[in-house]
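Participant: Starting off with a structure, shown below.
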Amino acid sequence: MMNDLAVKLSQRVERIKPSPTFAISARADELTAAGKPVINLSVGEPDFDTPQHIKDAAIKAIQAGATKYTAIDGIKELKQAIVDKFKRENQLTYMPSQILVSVGAKHSIYNLFAAVLNEGDEVIFAAPYWVSYPDMTLLTDGVPVPVKTTFAQHFKLQPEALEAAITPRTRIVLLNSPSNPTGIAYSLDELKALGEVIKRHPHVLVASDDIYEHSLFSKPFCNILNACPELYDRAVIINGVSKSYAMTGWRIGYAAGPAKVIAAMKKVQSQSTSNPTACSQYATIAALEGDQQCIKTMRKAYQERHDFVISELKTMPGISVVPSDGTFYTFPCVEGLYNKEAGINSDLDVAEFLLTEANLAVVPGSAFGTPGHIRLCFTTSMENLVEAVKRLRKAATLLKGKVTL
Ligand SMILES: Cc1ncc(COP(=O)(O)O)c(C=O)c1O
């Protein structure tokens, strides 16, 4: 018999839910295993393999004995490579003491929250948001404060809305540009306007999740510190190699910021995971310092796929879409597909319909705090996308035709 008392869970874990995007991918995999010809447009990771020179660096490191604990915050050579990367690509100057290497950018964000949030402290971010922001906030005793943005605003946080959301309990404003799930990026001027608001509230830290930095199709990349250097002493920049170098499984992310905050994040890491995997750190040096052609190759492929999918979506009944500035996501509005007779009354229903009737796995916008939309990833071949778009058009036409199913 199960001992209920012994297996009682913490309030902390009861507050959060598992990542919905992983859950949908798992369901798509199950259906595929059962023989269904599912095309999975729910996976937020590059479909490219990690470049060979990066793999080689890891193999060489293992053979040379990089199989032991390293410094908690990352090996010196990697921290220096990250310092150099910030200087070269972002015009930002950091000392190695301002850098912490962690087990993915997700871990970097978690460490930040754990290091600076007290119970009831608020974290502001724009909705649509990356699925993990609210739950990571809850897991670290904070209060998520999603600020709604609209399709007409191209899902960008407006300065007035940010001002209205800031309270004495606000601890962090978290920005993500280009964004998962919308693919939209802020301009330097838009970031300046947000920076002006943050400057007026000296108790607020700003965090910039730059994980999609290298996926911008034509705009140059900029973050809040490029726009507002005055915020340097209260800004934490988060980045990593998962998306830029097709290294999701290697689990390396990093944070740069005020030495005091970084030291506190390191303390959290020292009592949880210790160092990130040793050979992955060597692979990351090769990624940051080696040939950067892979970034261009992937970006070109994402852009071609994006342009194809967007041009198709624009001509589908019941669907409206804002073109992305970068990433491998698009976040179309599907409210026009709701069909009472067919029992399709929400984005969840649309996603379920697409999975069961069209063998298409997509993530409902509700998972990103924005009902009425779905997220499509172009992390699959053009051939698959051509077929996926055909199925989507058929499903949309069926629903718009008010067919009773
Ligand atoms: C906005 C955003 N931030 C962070 C991450 C996490 O990246 P990592 O694999 O480095 O943990 C993701 C991954 O999907 C993401 O979309």
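The values are calculated or read from the model by the stated rules, or taken from the named source; none is laboratory data. Predicted model, so just to flag it, every value in this text is computed and none were measured. All Cβ positions, even for glycine, are placed from backbone atoms using ideal geometry, and neighbour counts span all protein chains on display. Keep in mind that these areas ignore ligands, DNA and RNA; they rest on the heavy atoms of the full protein, side chains included. Shrake-Rupley method; radii C 1.70, N 1.55, O 1.52, S 1.80 Å.
Participant: Which value, in debye to the nearest 20, gives the size of the charge dipole of segment 1-144 about its Cα centre, when Lys and Arg are +1 and Asp and Glu are -1 at the Cβ?
Facilitator: Once rounded to the nearest 20, the dipole reads 360 debye.
Participant: Something else now. Restricted to Cα positions, what overall size does segment 66-289 have along the principal axes? Three whole-Å values, descending.
Facilitator: 50, 41, 30
Participant: Can you give me the solvent accessible area of Trp130 with a 1.4 Å probe, rounded to the nearest 10 Å²?
Facilitator: 50
Participant: Let me ask another. Over the chain, how many percent of alpha carbon pairs lie in each 20 Å bin up to the one with the longest distance?
Facilitator: In whole percents, the pair-distance histogram is 26, 57, 17, 0.
Participant: Residue-wise, which Karplus ³J(HN,Hα) couplings in Hz belong to segment 195-204, taking 6.51 cos²θ - 1.76 cosθ + 1.60, θ = phi - 60°, and x for glycine or proline?
Facilitator: x, 4, 5, 4, 4, 6, 10, x, 7, 9
Participant: A follow-up question, please. Pull up all non-local amide H partners of Gly104: gap of 5 or more, or a different chain, and H-to-H distance under 5 Å with H placed in the peptide plane.
Facilitator: Ile252, Gly253
Participant: May I pose another question? When a/c reaches 1.5 or more, the comparison of a/b and b/c decides; with that in mind, is segment 185-294 rounded, prolate or oblate per its Cα gyration tensor?
Facilitator: Details: a/c = 2.90, a/b = 1.25, b/c = 2.32.
Here segment 185-294 falls in the oblate category.
Participant: If you don't mind, another one. Between their Cα atoms, which of Lys148/Lys266; Lys79/Lys296; Lys76/Lys267; Lys106/Lys296; Lys87/Lys267; Lys87/Lys156 are more than 21 Å away from each other? Mind dumping the intermediate values first?
Facilitator: Details: Lys148/Lys266 33 Å; Lys79/Lys296 24 Å; Lys76/Lys267 17 Å; Lys106/Lys296 24 Å; Lys87/Lys267 26 Å; Lys87/Lys156 27 Å.
Listed pairs above 21 Å: Lys148/Lys266; Lys79/Lys296; Lys106/Lys296; Lys87/Lys267; Lys87/Lys156.
Participant: Given a 1.4 Å probe and heavy atoms of the protein chains only, how would you sort Glu163, Glu383, largest accessible area at the top?
Facilitator: Most to least solvent-accessible, the answer reads Glu383, Glu163.
Participant: Can you tally the net charge around Ala115? Count Lys and Arg as +1, Asp and Glu as -1, for every other residue whose Cβ sits under 14 Å from the Cβ of Ala115. Don't skip to the end; give the middle numbers.
Facilitator: Numbers: positive: Arg171, Arg234, Lys260, Lys266, Lys267; negative: Asp73, Asp121, Asp141.
Cβ neighbours under 14 Å give a net charge of +2.
Participant: Another one. Counting only the backbone N, which residues of segment 134-152 are under 13 Å from the spot 7 Å out from the Cα of Leu9 toward its beta-carbon?
Facilitator: Residues 139 fall inside that zone.
Participant: Through the Karplus equation 6.51 cos²θ - 1.76 cosθ + 1.60, θ set to phi - 60°, convert the phi angles of segment 338-349 into ³J(HN,Hα) values in whole Hz; use x for Gly and Pro.
Facilitator: 4, 8, 3, 4, 8, x, 9, 10, 7, 5, 5, 5
Participant: According to the square roots a ≥ b ≥ c of the eigenvalues of the Cα gyration tensor, what is the shape class of segment 188-253, taking rounded for a/c under 1.5, prolate for a/b larger than b/c otherwise, and oblate for the remainder?
Facilitator: On the way: a/c = 3.73, a/b = 1.69, b/c = 2.21.
Taking the square roots of the gyration eigenvalues as a ≥ b ≥ c, segment 188-253 is oblate.
Participant: Out of the DSSP beta bridges found with both residues in segment 66-289, what percent are antiparallel (nearest 5)?
Facilitator: On the way: 8 of 27 bridges.
Rounded to the nearest five, the antiparallel share is 30 percent.
Participant: What are the ³J(HN,Hα) couplings of segment 265-275, residue after residue, when phi is run through the Karplus curve with 6.51, -1.76, 1.60 and θ = phi - 60°? Round to Hz, x for glycine and proline.
Facilitator: Karplus-based 3J(HN,Hα) across segment 265-275 equals 5, 5, 4, 4, 5, 5, 9, 10, 9, 6, 5 Hz.
Participant: If Lys and Arg each add +1 and Asp and Glu each add -1, what is the summed charge of the other residues whose beta carbon sits under 11 Å from the beta carbon of Gln293?
Facilitator: On the way: positive: Lys296, Arg299, Lys300; negative: Asp291.
That works out to +2.
Participant: Counting only trypsin sites (Lys or Arg not before Pro) that are in a DSSP loop and have at most 14 other C-beta atoms within 10 Å, tell me the longest site-free stretch of the chain. Intermediate results must be reported in sequence, preceding the final value.
Facilitator: Details: sites that count: Lys8, Lys68, Arg169, Arg200, Lys314, Lys402.
With a cap of 14 other Cβ atoms within 10 Å, the longest stretch comes to 201-313.
Participant: First select every other residue whose beta carbon is under 11 angstrom from the beta carbon of Ile238; then total the charges, Lys and Arg +1, Asp and Glu -1.
Facilitator: On the way: positive: Lys106; negative: Asp209, Asp210, Glu213.
Computed value for this residue: -2.
Participant: While we're on this one: Output the 0 to 90 degree angle, nearest 10, between the alpha-carbon long axis of helix 20-33 and the longest principal axis computed from the alpha carbons of the chain.
Facilitator: 60
Participant: Mind pulling the angle between the C-alpha long axis of helix 382-400 and the longest principal axis of the chain? Nearest 10 degrees, somewhere in 0 to 90.
Facilitator: In the chain, helix 382-400 runs at an angle near 50 degrees to the longest axis.
Participant: Separate question: Provide the solvent-accessible area of Phe22, counting protein heavy atoms only and rolling a 1.4 Å probe, rounded to the nearest 10 Å².
Facilitator: Approximately 140 Å² of Phe22 is accessible to the 1.4 Å probe.
Participant: Quick check on the chain: of the DSSP beta bridges with both residues there, what percent are antiparallel, nearest 5%? Mind dumping the intermediate values first?
Facilitator: Details: 15 of 36 bridges.
If I count the DSSP bridges inside the chain, around 40 percent turn out antiparallel.
Participant: Rounded to the nearest 10 Å², what accessible area does Cys222 show when all protein chains are kept and the probe is 1.4 Å?
Facilitator: 20
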